[in-house]
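Here's the structure we're looking at; comments come further down.
The values are calculated or read from the model by the stated rules, or taken from the named source; none is laboratory data. Remember, it's a predicted structure, so these values are computed and weren't measured experimentally. FYI the Cβ positions are ideal-geometry reconstructions off the backbone, even for glycines, and counts take in every protein chain you see. Note: accessible area is taken over every heavy atom of the protein model, side chains too, but ligands, DNA and RNA are not part of it. Shrake-Rupley method; radii C 1.70, N 1.55, O 1.52, S 1.80 Å.
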Amino acid sequence: MRPATSRETLDLIKKESVNAELSLLSIASFIGFILYAVTPYWFYNQSITLLSVILGVWIFTFLLIIPSKIQSYLSNRVNIALFVLICFWIPYVFILRLVGFSTSDWGNFFVYALFWFSYVAFCFYNGVLNVKNKMIIILAIIMIYAFNAIDNMRLLLLYPNGNKLINFYDVYKQYNIGGTTFAFELSLCALICQLLMLNQTKYKKIVFGAYTINLIYLFAFSGKMTSIVLFICASLAMLITWKINRFKKNERILLLIGFIITLLLSLFFLPYIFRLFGDSVASHDLSKRFYSLANFLEKMYTGNLVIDEYLVRIDLAKLSLETFISSPIFGIGKHFANQQMYGLNAVYSVGIGSHSELIDHLAVYGIVGLVSYLFIFKKYFVTLLYKCTTTINRDLYKIIIAFVVFYSILNNSFSMGVGILLFIMLPFVLDIIEEGIKSNASNNKA
């Protein structure tokens with residue numbers, strides 16, 4: 001093989017320099033998308049022009065960079081799933097709306113497509129960005145969420161019920177107040193920050209500061225019981241898993257058995273604990289949720305279940321399952337239920353519970369949607385699992401995924417912000433952790 005001439009070397013340097021500049025432009029435009037996607041005010045008052053410019057710049061850089069990276073790009077195993085997503089699933093969803101099988105507003109479908117945009121960005125960035133650039137994006141996500149959490153706390157002090165009204169999107173449209181999904185996004189962001197802090201010391205003060213702000217909003221201001229309870233469970237599971245890993249195998253088994261026994265025994269005291277929390281928290285809405293959960297558990301233990309807030313959620317999930325059973329292949333399509341005007345009657349008339357992302361998806365798209373989702377998510381989750389070279393990080397990663405799955409069973413979850421956290425922040429954090437592990441191993445050898 002002949003050596004490269006000085007001209008060829010110079011051309012290669014220029015090419016790499018141009019790619020580096022395009023990568024920075026791509027990062028800047030994607031950070032603009034993050035700012036747009038996770039800031040409630042921008043989301044409620046969507047500027048199509050602004051979003052089009054942001055996405056246009058990103059696609060422009062994508063088209064210019066990808067030819068030089070085509071080999072590494074095509075080697076990524078997730079791109080088979082990307083092909084299914086772009087060439088089948090997204091067009092299929094829009095065709096159903098176009099022919100009238102789905103009747104919900106077009107805006108819902110565009111937001112849904114933007115949830116998947118982060119997956120497309122991940123497939124592109126996975127073979128292009130270095131660790132430094134990935135860290136820039138992670139810090140941007142963390143800081144944007146932290147600033148939004150601070151602004152939300154300020155606004156909720158002025159408008160205490162701002163994130164609790166069923167029609168708050170209309171009432172507080174001109175304010176930067178987030179709702180149920182915003183609280184879930186902050187809890188997911190906090191868990192990924194926790195994963196980073198357990199493994200990485202660099203930027204730890206910045207990450208811990210943002211993590212603390214997220215928790216203050218979540219526990220003191222959000223009033224979102226599902227996010228709070230699931231976050232506590234996932235966070236404790238991560239800390240216990242991290243600590244247990246330091247013990248020998250036999251000791252880990254004994255500690256795990258002891259933990260399970262303690263957990264089972266504590267179930268009998270949970271109603272009392274929830275009532276205690278209900279008495280102590282300042283938020284009326286959160287206090288009501290604690291009392292409701294305590295009542296639900298007491299009645300479940302005694303077999304005297306009656307209509308309760310949590311039973312309503314179970315009933316809505318049952319509604320979606322019944323709809324899926326009646327139309328198992330293609331589902332019934334996505335339709336709008338005017339719950340603000342007609343209450344739960346609108347939900348029952350449509351046939352979709354609208355309170356469980358995963359179960360509702362079965363009712364909306366049937367087995368066709370289920371198979372598509374399983375294929376795309378399996379490829380993605382397995383790809384991330386391969387990124388984890390240590391057992392402890394694989395276990396921590398699985399806990400975060402379990403948190404997302406459980407929340408998606410209990411509530412709606414597919415937002416643009418969740419897409420950013422799930423498809424961008426989480427894999428980038430795993431990459432940085434693995435880079436740190438390799439660096440430490442090299443230093444120890446030296």
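Ranking of Val418, Val57 by solvent-accessible surface, largest first: Val57, Val418 (1.4 Å probe, protein heavy atoms only, all chains present). Applying a threshold of 22 Å to the alpha-carbon distances of Lys378/Lys398; Lys134/Lys205; Lys202/Lys378; Lys134/Lys438; Lys204/Lys378 flags Lys202/Lys378; Lys204/Lys378 as lying beyond it.
Taking Met197, Met225 and ordering them by how much accessible surface each has at a 1.4 Å probe, largest first, produces Met197, Met225.
Were the residues from Asn440 through Trp106 laid out at 0.36 nm apart, the gain over their Cα-Cα distance would be 115.2 nm. For region 207-223, 3J(HN,Hα) computed residue by residue from phi via the Karplus equation (6.51, -1.76, 1.60; θ = phi - 60°) reads 5, 5, x, 5, 4, 5, 4, 4, 5, 4, 4, 4, 8, 9, 10, 5, x Hz, glycine and proline entered as x. Computed with every protein chain present, the accessible area of Ile86 is close to 90 Å² [probe 1.4 Å]. Summary of packing: across the peptides 34-45, 117-128, 178-189, the per-residue average of other C-beta atoms within 10 Å ranks them, highest first, as 178-189, 117-128, 34-45. Peptide packing: for 200-207, 423-430, 149-156, the average count of neighbouring Cβ atoms within 10 Å per residue gives the ranking 423-430, 149-156, 200-207, highest mean first. Label point 7 Å out from Phe208 along Cα-to-Cβ: which residues of region 181-198 have amide N under 18 Å? The answer is 190-198, whose backbone nitrogens lie closer than 18 Å to the label point.
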